[in-house]
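A short reminder: the numbers here are calculations on the coordinates, not readings from a lab. The structure displayed is predicted, hence computed values, not measured ones. Ideal geometry is used to build each Cβ from the backbone, glycine not excepted, and the neighbour counts take in all protein chains shown.
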Amino acid sequence: MRRLLARRLLQGLAVVWLVGTLTFTLLHLAPGDAFSYHDRHIPADVIERWRHIYCLDRPLVAQYGCYLRSMASGNLGYSISQQRPVLDILIDYVPRTIELMFFSLLLSFVAGIGLGVLEARHRGGFPDWGSRAIALFFYSMPDFWLALMLVLLFAYWVPILPISGMEDVINGPSFSGWQRLVDHARHLVLPVISLVLLTCAAIARFQRAAMLDVMRMEFVVTARAKGVSENVISRHHVLRNALLPIITVAGLTLPSLLGGAVLVELVFSWPGMGYITAAAIGNRDYALVMASVLVSSVLVVLGNVAADLLYALADPRVRAA
Amino acid sequence: MLALRWLSALALIVVLSLLFWRYAHPASIATASRRRAAAARYATHPSAVIALLALLALYVIAALAPWLATHDPIALLPQSFVNHPPSRELLFGTDYVGRDVFSRVLFGTRLSLSIALLATVLSVLLGTAYGLIAGFVGGALDTAMMRLVDAFLAIPRIVLLIAIGALWAPLGVTSLVLILGLTAWFGTSRLVRAEVLSLRERDMVAAARALGARDLAIVRRHVLPNVLTPVIVSATLGVAGVIINEATLSFLGIGISDPAPSLGNIIRDGSPFIATAWWAALFPGLALVITAMAYNLAGDGLRDAMDPRQVDR
């Protein structure tokens, strides 16, 4: 178990290093550097000093070494638009993205697994193709457009939910602790629903396939022959075995979920990583954009390691391997 | 713009004639009958047939956009027509500067379809070549190449696109095609490599090698025809993703920029006025969903038709 963890973490580290090298390459292929574009009045000698601190005045190989060193020590650069270190900004914003993703992933799994089981049990029937058609509809939808349509629906046509930010700006300061929590949860609803609608389709699809795979197995036939009821078969014999592969799916959906979160955050003004990344584009804040690439790959890698570990915990055969 | 139009027409013609050529001249009777069986299986999925018809209709609409459009997609109507709701005259209403949304959606669909098709062709070629080399050569090269793909796949696609787009903004049509194509091949390369690894060990390859066939001949005669099926399926499904990614970039303001219409930037123009002028954001989005759904359904149908083992999984 410990060896598995060590191996996965090492592999993850290699992936992150490759991603870092990639962002470094991209930055150097691009016109200008992190300090070329800004609309603020920063004296030229200050810019020169920054260039010197971030090694931009040195040869390429030295720059690469410098880049790797600063990355390893957690120094992700200096954000020219917010005028503070990128790491400080990320520490403020990333937890909010993680919060959003945590609830979305949790609900996606509950909904996706439920739908997958329903579809598999009524295979070929109305619940099956009906639910699959709806899933495909949402699956084929651009994240930002779904979010916009939810804004239209819930903000203007049925105005019951807040559509931007994470707390009530006007009444928020006077709220008690409990009220603040409720207010925060209400702000979470729409962004989370958008992400769940986008993600649970893929999970339901995998769950359905996994259920159908297990249903073909002989022990299911035996159980049925013994006269075990269909409910007990699908709960005890099929679902328990079909839940395993879904753990891997958690790792696989992470990149698209994170990508979706970027746009959903933008539409709902949820102040997370996606929101500042989108703002950084307009400001040509290279350091911030590149750091968000790196951080999102770190999140994906960590998520995958967690999924692998969960899988090993759930399935003793993997642990032994 | 003109170059893109010719390029996409050329790409479409090349793809269609290649497919037709291979279909009309099957390598053997067995291939011919397998193909007929696949076509018959495809026809048994009503949703797949509808999707295919929808795709045909979309391409016809895109091709005929200049004749179907009721207004100039770029021209501004008089001031009183700003944010005008849908009417008989203005089918989808007008946007915040008074442009006809219906005409813009037509031209936007045209642009999105061309860009997605070209980018997908590019990514399929790249991914197939990459996967072939990695799988067939094997060894350390394979490991290195696949670790690189792992790294690419660890970055959410849209975050990667945003980063590239942000560095080179504003993007032209050509660079947009390049960027979308260059970031869409990772999945294909994995798929091809896995397929090649299993094909490499088959008896037919051993037999060909015993007969003295060279590597290149083996790849051409035995490997490439057999990886074609999964590649076509994943390419069909991939177009849907590319269309959505292009729209996302244009929505963020780093793809196609005003005044040229793309489905994404029409939504971008409409989004600040969503409360009062919902039509400018709703209709281009519907066009996107219909297009992506048609590609997804057609891809699912193709997979079931071409690979009966995979049915109902």
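Applying a 4.7 Å Cβ-Cβ cutoff to chain A, the cysteines left without a disulfide-compatible partner are A:Cys200. Give the distance, in whole Å, between the Cα centre of the stretch A:171-226 and the Cα centre of the stretch B:179-213. Comparing the Cα centres of the stretch A:171-226 and the stretch B:179-213, I get a distance of 37 Å.
If only the Cβ of Lys and Arg carry +1 and only the Cβ of Asp and Glu carry -1, the dipole of the protein assembly as shown around its Cα centre is close to 2240 debye.
Taking the three principal axes of the alpha carbon atoms in the stretch A:89-179, the coordinate ranges are 54, 32, 27 Å, sorted in descending order.
Other protein chain C-beta atoms within 10 Å of residue C-beta, averaged over A:71-83: 0. Taking the charge dipole of the stretch A:2-84 about its Cα centre, with +1 at Lys and Arg Cβ atoms and -1 at Asp and Glu Cβ atoms, the residue from A:Ser81, A:Leu22, A:His41 reaching farthest to the positive side is A:Leu22. Here the ratio of the Cα radius of gyration of the stretch A:213-321 to 2.2 N^0.38 Å is 1.61. When the P(r) of the protein assembly as shown is calculated, the portion above 41 Å amounts to 30% of the C-alpha pairs. Residues A:Cys200, A:Cys66, arranged from fewest to most other Cβ atoms within 10 angstrom of their Cβ, appear as A:Cys66, A:Cys200. Fraction of C-alpha pairs exceeding 23 angstrom in the stretch A:2-84: 32 percent, rounded to a whole number. Between the beta carbons of B:Ile29 and B:Asp203, assuming R0 = 22 Å, the FRET efficiency works out to 0.55 to the nearest 0.05. Averaged over peptide B:144-156, the number of partner chain Cβ atoms lying within 10 Å of each residue's Cβ comes to 6. Note on B:Thr70/B:Asp215: beta-carbon distance plugged into 1/(1 + (r/R0)^6) with R0 of 51 Å gives a FRET efficiency of 0.35. Here the relative contact order of the stretch A:142-236, from alpha carbon pairs under 8 Å that lie six or more residues apart, stands at 23 percent. The modelled label-to-label distance between A:Val110 and A:Met1, using points 7 Å beyond Cα along the C-beta direction, is 2.8 nm. Mean partner shielding of peptide A:254-260, defined as the number of other chain Cβ atoms within 10 Å of each residue Cβ, is 5. Remark: spin-label model distance A:Arg186-B:Thr143 equals 5.8 nm, labels positioned 7 Å along the Cα→Cβ axis. How tilted is helix B:101-137 with respect to the longest principal axis of chain B? Cα atoms for both, answer in degrees (0 to 90, nearest 10). Approximately 20 degrees, to the nearest ten. The distance between label points at A:Glu99 and A:Ser73 comes to 3.2 nm (points 7 Å beyond Cα on the Cα→Cβ vector). Using Cβ point charges alone (K and R +1, D and E -1), the dipole size of chain A about the Cα centre works out to roughly 1280 debye.
Once the Cβ-Cβ distance of A:Ser176 and A:Glu48 is raised to the sixth power relative to R0 = 41 Å, the FRET efficiency obtained is 0.20. Taking other C-beta atoms within 10 Å as the exposure proxy, A:Asp92, B:Asp203 rank B:Asp203, A:Asp92 from fewest upward.
Only the Cβ atoms of Lys and Arg (+1) and of Asp and Glu (-1) were treated as charged; on that basis the dipole of chain B about its Cα centre amounts to roughly 1020 debye.
Here the stretch B:247-313 is treated as a sphere whose radius is the Kirkwood value from Cα pairs; by Stokes-Einstein at 20 °C and 1.002 mPa s it diffuses with a coefficient of 157 µm²/s. Both radii were evaluated on the Cα set of chain B; the Rg over Rh quotient, with Rh as the Kirkwood radius, amounts to 1.03. Normalising the Debye intensity of chain A to I(0), with uniform scatterers on Cα atoms only, and taking log10 at q = 0.07, 0.11, 0.13 Å⁻¹ returns -0.39, -0.86, -1.08.
Entry note, the protein assembly as shown: the mean residue ellipticity at 222 nm calculated from DSSP H runs of n ≥ 4, each adding -39500 (n - 2.57), is -24000 deg cm²/dmol after division by the residues and rounding to the nearest 500.
By other beta-carbon atoms within 10 Å, ranking A:Met215, A:Met273 with the fewest at the front produces A:Met215, A:Met273. Here, the stretch B:1-160 yields an orientationally averaged convex hull projection of 14.8 nm² when only Cα atoms define the hull.
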